[in-house]
Amino acid sequence: MVETVSIRLTVNGAEVSKEVEPRQHLTDFLRNELGLTGSHIGCEHGVCGACSVRVDGRVVRGCLMLATQADGAAVETIEGIVESSEAADLAEAFIGRNALQCGFCTPGMMLTAAELLAEGKPLDRAGIRQELSGNICRCTGYQAIVDAVESVLVKKTGEV
């Protein structure tokens, strides 16, 4: 029999109580136990950013965090961010600038970009690239992604 641990957390605003295996990663928990498949399993080493989720207000790599470590935390996934309309301008800009192709990196990229925008730091294109550098995209060459984030940043702050 597999040992389990009880965890309680808030996911996208909803209280969740579940029994989990002690070594289950947060992204696997979200995908397999809760059906929230927006966070993807990519490299499983925290390098690609496809597994990004927000835990207690900060973007983290879900493949590097155990579900048990999220006990008591507030977790937000791309589904929750989109549902809350927090990323509406960003989603519109990604579509308008064709900043997504296969879509595999898009949830992690958008969560990271939303965090960057929430910080409100004035950034130039090089700064935007630096902030997004932990998210790997194999399709777009990043130009359109930077264009999209820059357009929202200009809209929010009036400057880049």
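Per-structure values
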{"item": "Filtered residue count, the stretch 106-139, keeping only those that are surrounded by 20 or more Cβ atoms within 10 Å (Cβ to Cβ) and without any contact (Cβ under 8 Å) to a residue 60 or more places away in the chain", "result": "11"}
{"item": "So A99, is it within 15 Å of T77 (Cα to Cα) and either touching a residue at least 24 places away in the same chain (Cβ under 8 Å) or touching a Ser or Thr at 6+ places or on another chain (Cβ under 6 Å) (or both)", "result": "no"}
{"item": "Which numbered condition T37 fails, given (1) in contact (Cβ under 8 Å) with a residue 60 or more places away in the chain; (2) closer than 17 Å to P107 by Cα", "result": "(1)"}
{"item": "Residues that are modelled with pLDDT of 95 or more, among the charged types (D, E, K, R) and surrounded by fewer than 19 Cβ atoms within 10 Å (Cβ to Cβ), drawn from the stretch 22-57", "result": "R23, E33, D56"}
{"item": "L66 being assigned by TED's automatic domain parsing to the domain that holds E115 and of a type outside the set (D, E)", "result": "no"}
{"item": "Conditions (1) more than 17 Å from E76 (Cβ to Cβ); (2) touching a residue at least 60 places away in the same chain (Cβ under 8 Å); (3) out of contact with any Ser or Thr (no Cβ under 6 Å at 6 or more places or on another chain): number failed by L9", "result": "(1)"}
{"item": "Identity of the residue in the stretch 1-32, among the acidic types (D, E), over 15 Å from the mean Cα position of the chain (by Cα) and not in a loop (DSSP other than H, G, I, E, B), that ends up nearest to D56 (Cα to Cα)", "result": "E15"}
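The rows are residues; the columns are (1) under 21 Å from V53 (Cβ atoms); (2) assigned to a helix (DSSP H, G or I).
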position	(1), (2)
E131	yes, yes
I136	yes, no
T140	no, no
A148	yes, yes
V152	yes, yes
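The values are calculated or read from the model by the stated rules, or taken from the named source; none is laboratory data. None of these values were measured; they are calculated from a predicted model. We place every Cβ from the backbone using ideal geometry, glycine too, and count neighbours over all the protein chains shown.
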